[in-house]
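Notes for the one structure printed next.
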Amino acid sequence: MVFKCKMCGGDIVPIDGTNTGKCEYCKSIMTLPNLDDEKIVNLYNRANDFRLSNDFDKAYGIYETILELDNKQIEAHWGLLLCKYGVEYVDDPKTGKKIPTCHRTIPSSILKDKEFEIIKKSSHGNALKLYEEEAFTISNIQKKILEISSKEDPYDIFICYKESDENGERTKDSVIAQDIYDKLIEKGYKVFFARITLEDRIGTEYEPYIYSALTTSKLMLVVGTKEEYFNAVWVKNEWARFIEMMKTNKDKFLIPVYSKMDAYKIPEEFAMYQAQSMDKVGAMQDLLRGIDKIIDVSKKNKNDEFTYEMYEKFKKMKEEEEKEIKESQAANKQVEKIYETSVRSYKIITFVISVIQGVLIFYILFSDSYFIKGYRNNISLYELIRDGSYAASTIILTCFITLLAFFISITNKKNNLISKFMYLVNIVLLTYLYIKYSNLGYHITPIFTLFVLTNIILLLLKPKWKLAERVMYVTTEEKKEVLEYNKRVKLNFSEKDKYPKYLLVVIVITIAILIRGITYNTSIKLKPQSNERNKSVQQLEIKCKYINIREKPGSNEKLLGKVYEKEIFTILGSKEGYNKSKWYKISTEYGVTGYIYSGASNEYVEIIEKE
């Protein structure tokens, strides 16, 4: 099955591993439908042929047929949008690439169209990227068309006709249309007649002026001498759009004007309108009289001044609207500067704090550093690991979480919430560790406090990732939305957000805690715990650097103190431990009674038998 290029009609070569393809002729990259049904492929190519010849209505009908057969065909939804907005791909004279131009203007943005919403929800990867890029381009084209058309003077009458035949010669339709145009101009009407109105315009610039005339004209005259001329692509494009506007505007009217043809061959869409034959005697006078009745010349003349006044008000309103949009754009630029400073500030602060944290982690893991303090001496992380303490695993886990959270925060803006959650987990873990060891007789050290502080600061930092580029639209509703958005942005990005001042408060509080912690650490002094040698009781001697004295057997029980190498203690009892180890209950001459761990086969102690 061969898909045809939607820009030039050439054959498409699918790109492996994607739902996109490349045209062999114009080299354009485009999305492809994902199917194996030859019937639907043929429908796609047929719709494509109609759309390439600018017969958007026929193409639209075929895309609807495809969706009736399979409503999951995303490419058919995109085809509906191309037809709806009258998109034709033309050669860019500068780059030679195919670029879109629009022959059907709609006041609402394509980005808000329900078809585009379906496409966004159902597409992914390269296809979604291509759809979004194309939609933004079409949206900008529509915006420019609306901007130009809003500056045009309003029209009374739009004359729709076919200018040239298949040989490039002027048609009879054009001659009849100009006769009507001349008569209407004499009567003071403002008339859109393409041959004259657009004679100083380039072809690709026609749409803004056609759209302006279609929307402001109260009456359309559709002139034709042949059935195929009435249904010519560009002729039908104009009267079909006007009829669509008539459905929502009861003040618009249409008169089919025909000559040298059977009235029954006039398009079925005109069946409900009173047609005017130009072959009768006095046909021109009848037509002009009918137009006068519709527009009411006498009333029009009386209200000329009023109409002009209203038009001036409209122009003034548009000027004010454009001024507001310019102010809004200027505000956006100012806000973007604050945003950039805020982001830069966040990255710098986060980097500095993370470097501090990294140094702390290195110091804790690879030196004889002290995370918590006991009554007689410090406890290093190495000692905690050696004792199999859960404190060691908690500290290592918080180190790992911090580094991972920092990496995610810097490399992926969208996952900032994940980083914040990780910092919060760190704080909870460290708080639990502090409470647990406080109950066991330990207290925090400056290193522990600084580690907690860095996590708190990283949690509280508020990076500004939400500023997005906004497309300015000219419709009142969209302009209001943009202005509201900018108002919210201003509130979010005030000058005070450049540098988070609350960090200073956190640092001051932490310094106070550090000073208090250092003072507390130096104020604790305990007397030696050892007994003298007593040959009348069973005693033991310490063989290692030190052993903790616990209130009960177990490494997580409350700490009562420490015993050190060569010191001797009286044994009051013992309990079996893991792997032939024991917990000895000892007493000291200073009234401390508790348990010490002997290690496997008394590797930490030596039993001294009484004589």
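Taken together, the values in this text are just the output of simple stated rules run on the coordinates, not laboratory data. What you see is a predicted model; the values in this text were computed from it and never measured. Cβ atoms come from the backbone with ideal geometry, glycine included; neighbour counts cover every protein chain shown.
The GluC sites (Glu not before Pro) of the stretch 168-245 that DSSP puts in a loop, and whose beta carbon has at most 12 other beta carbons within 10 Å, are Glu169, Glu199. Residue ranges 267-279, 111-123, 148-160 sort as 148-160, 111-123, 267-279 when ordered by packing (mean number of other C-beta atoms within 10 Å per residue, highest first). For the stretch 119-178, a simple Cβ point-charge model (Lys and Arg +1, Asp and Glu -1, everything else neutral) yields a dipole of about 420 debye relative to the Cα centre. Less than 5 angstrom separates the built amide H of Gly594 from those of Ile586, all sequence-distant by 5 or more or on a different chain.
Between Lys151 and Lys39, the modelled labels are 5.2 nm apart [label points 7 Å from Cα along Cα→Cβ].
In plain terms, the chain from Ser122 to Thr431 could stretch by 106.7 nm, reckoned as 0.36 nm per residue minus the Cα-Cα distance. The Cβ shell under 14 Å around Cys8 holds other residues with a net charge of +1, Lys and Arg each +1, Asp and Glu each -1.
What pairs from Lys187/Lys252; Lys250/Lys293; Lys22/Lys129; Lys250/Lys280; Lys27/Lys120 go past 27 Å between their alpha carbons? In this structure, Lys250/Lys280 exceed 27 Å between Cα atoms.
Each residue of the stretch 3-9 was assigned a 3J(HN,Hα) from its phi angle through the Karplus curve 6.51 cos²θ - 1.76 cosθ + 1.60 (θ = phi - 60°); the sequence is 8, 9, 5, 7, 9, 10, x Hz, with glycine and proline shown as x.
Other residues with beta-carbon under 9 Å from the beta-carbon of Ser574 carry, at +1 per Lys or Arg and -1 per Asp or Glu, a net charge of +2. If you take all other residues with their beta carbon under 11 Å from the beta carbon of Met278, and give Lys and Arg +1 and Asp and Glu -1, the sum is -1.
Overall, the anisotropy analysis places the stretch 62-142 in the prolate class: the square-rooted eigenvalues a ≥ b ≥ c of its C-alpha gyration tensor yield a/c not less than 1.5, with a/b exceeding b/c.
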